[in-house]
Amino acid sequence: MSLFTRSLLRATTRQPFTPTTTRILPPTSFLARYLSDSTRAAIDNAVASSPVVLFMKGTPEFPQCGFSRASIQVLGLQGVDPQKFTAFNVLEDDELRQGIKEYSSWPTIPQLYVNKEFVGGCDILMSMHSSGELSELFEKAGVLAPSEESESTSSTSEAEKKDSTKTE
Amino acid sequence: MIRLRRLLSTMAAASPTPMEDIIRRKITETLNPVYLEIYNDSHKHAHHAPMRGVTSKETHFRLEIISEAFEKKTQMARHRSIYALLKDEMNEEGGIHALQLKTRTPKEAEEQAAYKLAKAEAKAENESRKEARSH
């Protein structure tokens, strides 16, 4: 079981199963600031838990930070399939909160992974959203919900992108 | 000379914006930007939970940087280079808590400005056409 099972169950939009046992986390060592093997393995698991993974402050329903909130909104606008998405609340797990920064060599939260690949933080997400790169990335990754809504948003951003290349 | 230097150093120490000064110095020295704007948004976030007990008025920054140094680098690499530059300031207790970055090359900034202008012109033209039709 991964170290972050608890936050996964709390934060994910799906309800995979009810845990029958509660795993007690080992006390966090304040001396070890480097990324331990167990933390790295746990984050490996977290990153691989869904095609789209967001490490955020708070939960998708109750984000605890404006940048995490904005990122969730963008994922929603893009039409990411909730079945293919998992959010991890770093505020629930200090080991994850510190570990993910080293793991990604990225000092801030939120952080987005698509198919285990680090995409970036909030600013990158926003600029990729407005340039159309994000919908391209999600489409290629096959993580969009099969609905009319997602199709229409991706086609508009495609059109916008064509527009912008024309003017260059 | 010594007196002047002392005066300068006390002036620096008394700056009301020590963090902004550090950011400006480091970015200017390393990236030699053609444009650098530092926005301090800390007041907007002073009441949120992680800021409890933090007395610094310089915790949330938004940087707009245009530099040749970003040429041929992905956005991720650009952001990473700035994070690396300000690593100590971001790690220290009560230091930089949030850092929004807009990193462009002069060429990209020009293209975006031209695109915006073209869009605005098209909109104005559309509107004037509409007006002409309604008259």
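Here is a list: A:Thr5, A:Thr59, A:Thr39. Which entry is surrounded by 17 or more Cβ atoms within 10 Å (Cβ to Cβ), at pLDDT 95 or above and either out of contact with any Phe, Trp or Tyr (no Cβ under 7 Å at 6 or more places or on another chain) or not aromatic (Phe, Trp, Tyr) (or both)? Lay out the reasoning, then the answer.
Working: A:Thr5 fails: at pLDDT 95 or above; A:Thr39 fails: at pLDDT 95 or above.
Just one listed residue meets the conditions, A:Thr59.
Can you tell me which condition B:Glu108 does not meet? The list is (1) within 11 Å of chain A (Cβ to nearest Cβ); (2) of a type in the set (Asp, Glu); (3) out of contact with any strand residue (DSSP E or B) (no Cβ under 9 Å at 6 or more places or on another chain), and all the others hold.
All conditions pass for B:Glu108, except number (3).
Answer yes if at least one residue in the stretch A:80-93 is crowded, with 17+ Cβ neighbours inside 10 Å, hydroxyl-bearing (Ser, Thr, Tyr) and either free of Cβ contacts under 8 Å to residues at least 60 places away in the same chain or touching a Lys or Arg at 6+ places or on another chain (Cβ under 7 Å) (or both), and no otherwise. Step through it out loud before you land on a result.
Step one: list which residues in the stretch A:80-93 are crowded, with 17+ Cβ neighbours inside 10 Å, which gives A:80-81, A:84-93.
This time we only want the ones that are hydroxyl-bearing (Ser, Thr, Tyr), so: A:86.
Cutting the leftovers down to either free of Cβ contacts under 8 Å to residues at least 60 places away in the same chain or touching a Lys or Arg at 6+ places or on another chain (Cβ under 7 Å) (or both) gives us none.
Checking the stretch A:80-93: not a single residue is crowded, with 17+ Cβ neighbours inside 10 Å, hydroxyl-bearing (Ser, Thr, Tyr) and either free of Cβ contacts under 8 Å to residues at least 60 places away in the same chain or touching a Lys or Arg at 6+ places or on another chain (Cβ under 7 Å) (or both).
Do we find a residue being part of a helix (DSSP H, G or I) and surrounded by 13 or more Cβ atoms within 10 Å (Cβ to Cβ) anywhere in the stretch B:33-40?
Within the stretch B:33-40, the subset part of a helix (DSSP H, G or I) is none.
No, every residue in the stretch B:33-40 fails to be part of a helix (DSSP H, G or I) and surrounded by 13 or more Cβ atoms within 10 Å (Cβ to Cβ).
Can you pull out the residues in the stretch A:113-130 that are within 13 Å of A:Leu75 (Cα to Cα) and more than 11 Å from chain B (Cβ to nearest Cβ)?
A:Tyr113, A:Val114, A:His129
Take the residues of the stretch A:94-113 that are among the hydrophobic types (A, V, I, L, M, F, W, C) and in contact with a Lys or Arg (Cβ under 9 Å, 6 or more places away or on another chain): which is nearest to A:Glu61 (Cα to Cα)? Write out each step before concluding.
From the stretch A:94-113, those among the hydrophobic types (A, V, I, L, M, F, W, C) are A:96, A:100, A:106, A:109, A:112; that's our starting set.
From the residues that got through so far, the ones that are in contact with a Lys or Arg (Cβ under 9 Å, 6 or more places away or on another chain) too are A:106, A:109.
On the way: A:Trp106: 24, A:Ile109: 17 Å.
The selected residue is A:Ile109.
Taking B:Lys116 as the residue in question, decide whether it is assigned to a loop (DSSP other than H, G, I, E, B) and within 13 Å of chain A (Cβ to nearest Cβ).
In short, no.
Quick grid of which residues meet (1) in contact with a strand residue (DSSP E or B) (Cβ under 6 Å, 6 or more places away or on another chain); (2) touching a residue at least 60 places away in the same chain (Cβ under 8 Å):
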{"residue": "A:Pro51", "(1), (2)": "no, yes"}
{"residue": "A:Pro60", "(1), (2)": "yes, no"}
{"residue": "A:Ser68", "(1), (2)": "yes, no"}
{"residue": "A:Gln73", "(1), (2)": "no, no"}
{"residue": "A:Leu77", "(1), (2)": "no, yes"}
{"residue": "A:Thr108", "(1), (2)": "no, no"}
{"residue": "A:Asn115", "(1), (2)": "no, yes"}
{"residue": "A:Glu133", "(1), (2)": "no, no"}
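Inspect all residues belonging to the stretch B:121-130 and state whether any of them is surrounded by 11 or more Cβ atoms within 10 Å (Cβ to Cβ) and either farther than 21 Å from A:Glu133 by Cα or among the acidic types (Asp, Glu) (or both). Full working, then the answer.
Quick first cut of the stretch B:121-130, residues surrounded by 11 or more Cβ atoms within 10 Å (Cβ to Cβ) only: B:122.
Okay, now just the ones that are also either farther than 21 Å from A:Glu133 by Cα or among the acidic types (Asp, Glu) (or both), so B:122.
Checked the stretch B:121-130: at least one residue is surrounded by 11 or more Cβ atoms within 10 Å (Cβ to Cβ) and either farther than 21 Å from A:Glu133 by Cα or among the acidic types (Asp, Glu) (or both).
For A:Arg69, which of the numbered conditions (1) under 15 Å from the mean Cα position of the chain (by Cα); (2) at pLDDT below 95 fails to hold?
(2)
Here is a list: B:Asp21, B:Asp41. Which entry is under 19 Å from the mean Cα position of the chain (by Cα), at pLDDT below 95 and among the acidic types (Asp, Glu)? So that I can check it myself, show each step before the final result.
Working: B:Asp21 fails: at pLDDT below 95.
Going through B:Asp21, B:Asp41 in turn, just one is under 19 Å from the mean Cα position of the chain (by Cα), at pLDDT below 95 and among the acidic types (Asp, Glu): B:Asp41.
Give just the number: which of (1) farther than 22 Å from B:His48 by Cβ; (2) part of a helix (DSSP H, G or I) does A:Tyr113 not satisfy?
Answer for A:Tyr113: the failing condition is (2).
Kindly indicate the residue of the stretch B:49-105 that is in contact with a Gly (Cβ under 8 Å, 6 or more places away or on another chain) and assigned to a loop (DSSP other than H, G, I, E, B) and also nearest to the other protein chains (Cβ to nearest Cβ) among those meeting that condition.
Looking at residues that are in contact with a Gly (Cβ under 8 Å, 6 or more places away or on another chain) and assigned to a loop (DSSP other than H, G, I, E, B), I get B:Thr59.
If I ask for residues that are loosely packed, with under 12 Cβ neighbours inside 10 Å and of a type in the set (A, V, I, L, M), which ones from the stretch B:47-71 would you list? It would help to see each step written out before you state the result.
Kept after step one, since they are loosely packed, with under 12 Cβ neighbours inside 10 Å, are these residues of the stretch B:47-71: B:47, B:49, B:52-53, B:55, B:71.
Once the filter is applied, which keeps residues that are loosely packed, with under 12 Cβ neighbours inside 10 Å and of a type in the set (A, V, I, L, M), the stretch B:47-71 yields only B:Ala49.
The values are calculated or read from the model by the stated rules, or taken from the named source; none is laboratory data. What you are looking at is a predicted structure, and each value in this text was computed from that prediction instead of being measured. Note: ideal-geometry Cβ built from the backbone for every residue, glycine included; neighbour counts use all protein chains shown.
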